[in-house]
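Structure, as structure tokens:
Laboratory data are not the source of any read-out in this text; all were calculated from the coordinates shown. Note that the structure is a prediction, hence the values are computed from the model and not measured. In this analysis, Cβ positions are derived from the backbone assuming ideal geometry, glycine residues included, and neighbour counts consider all displayed protein chains.
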Amino acid sequence: MTLASGIIVTQQPQEVLQTLISLKTNELFTIIDTEQKEFLVADADYAIAKAYVASEVANFIILIAPRFSAVAQNRLLKILEEPPKNKHFILITESKSSLLPTIKSRLPIQVLSDGLEEEAFELEMSSLNLARVYEFTQKQKRLSAVACKGIIERIALEAMRSGKYNLDESTLKVFSDSIKALEVGSPTSFILNTVLLKLLAKKRR
């Protein structure tokens, strides 16, 4: 698990929260843990208000609820897509099916089992080829910049795990440069395609 914007689906939200806290260095945490079964519009408005409080360091706004109401999710859409400076959102919930497609397209999703294991990544890095790159990028055409950052981070992690790539300094720079490009508004589909094609060129034969 990494400290990054995203959605975490788990039956053990408090254990996940403690794991995130253990990863904290100089970041700020704003934790909004509802006492009811559903994250409501009032909770969303409170989260948005907190997001607009200026901070000089990264502030992770962590929203925790078994479910997020559809109205609350719609209220959060704009700020998730264009968060204020230094603000990052992590949603911790028990139900992936209750999340709106528009929410799921804006943040990377990590589904944890009871043992808090990572969900298998959709893209199999050890067998990556041009056809799979094309198929994957076509599915991600409406990806937000925040969600794209999460996917690029996962691609880098899975590439390292696979041992199938020559991850020299220039290749690693591709990942960091892509994140910077996303932060200044470069198209997500172009960045994702560029990263995967450059990585494919470094695949060991």
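Can you say what percent of the DSSP beta bridges in the chain, counting only those with both residues inside, are antiparallel? Round to 5. Walk me through the numbers before you get to the answer.
Values: 1 of 22 bridges.
Close to 5 percent.
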query: If one takes the longest principal axis of the Cα atoms in the chain, at what angle in degrees, from 0 to 90 and to the nearest 10, does the Cα axis of helix 41-51 lie?
result: 60 degrees
statement: Length-normalised contact order of segment 125-201, Cα under 8 Å, at least 6 apart, in percent, tallies to 49 percent
field: Kirkwood Rh, angstrom, segment 14-74 [1 / mean 1/r, Cα pairs]
entry: 12.5 Å
- prompt: So what's segment 125-201 giving for Cα Rg divided by 2.2 N^0.38 Å, two decimals?
  reply: 1.01
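Let me have the 222 nm mean residue ellipticity of the chain computed from DSSP H runs of 4+ only, each contributing -39500 (n - 2.57), with the sum over all residues rounded to the nearest 500. Could the numbers behind the result be given before it?
Numbers: 8 runs with 94 residues, N = 205.
After summing the helix terms and dividing by residue count, I get -14000 deg cm²/dmol.
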task: Average the reciprocal distances over every distinct pair of alpha-carbons in the chain, invert the result, and give the Kirkwood radius in Å.
output: 17.8 Å
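Give me the dipole magnitude in Debye, nearest 20, for the chain about the Cα centre, with unit charges on the beta carbon: positive for Lys and Arg, negative for Asp and Glu.
Details: 26 positive and 24 negative charges, 184 e Å.
Computed about the Cα centre, the dipole is about 880 debye.
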field: Fewest-first sequence of LYS180, LYS164 by Cβ atoms within 10 Å of each Cβ
entry: LYS180, LYS164
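Could you work out the local net charge near ARG67, counting Lys and Arg as +1, Asp and Glu as -1, over the other residues with Cβ closer than 9 Å to its Cβ? Show your work: numbers first, answer last.
On the way: positive: LYS37; negative: GLU38, GLU94.
That sum, taken over residues with Cβ under 9 Å, equals -1.
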- prompt: Put +1 on the Cβ of each Lys and Arg and -1 on the Cβ of each Asp and Glu in the chain; which of ASN193, ILE32, ALA42 then has its Cα farthest toward the positive end of the dipole?
  reply: ASN193
field: Positive minus negative residues near GLU169 (Lys, Arg vs Asp, Glu; Cβ under 14 Å)
entry: +1
SER55 paired with TYR134, simple spin-label distance in nm, labels 7 Å along Cα-to-beta-carbon: 4.4 nm
message: Could you tell me which residue out of GLN12, ALA131, MET160 lies farthest along the dipole of the chain toward its positive end? Charges go on the beta carbon: Lys and Arg +1, Asp and Glu -1, centred on the Cα centre.
response: ALA131
message: So if a site counts as exposed when it's one of the chymotrypsin sites (Phe, Trp or Tyr not before Pro), its DSSP state isn't H, G, I, E or B, and it has at most 16 other Cβ atoms within 10 Å, what's the longest stretch of the chain without one?
response: 122-205
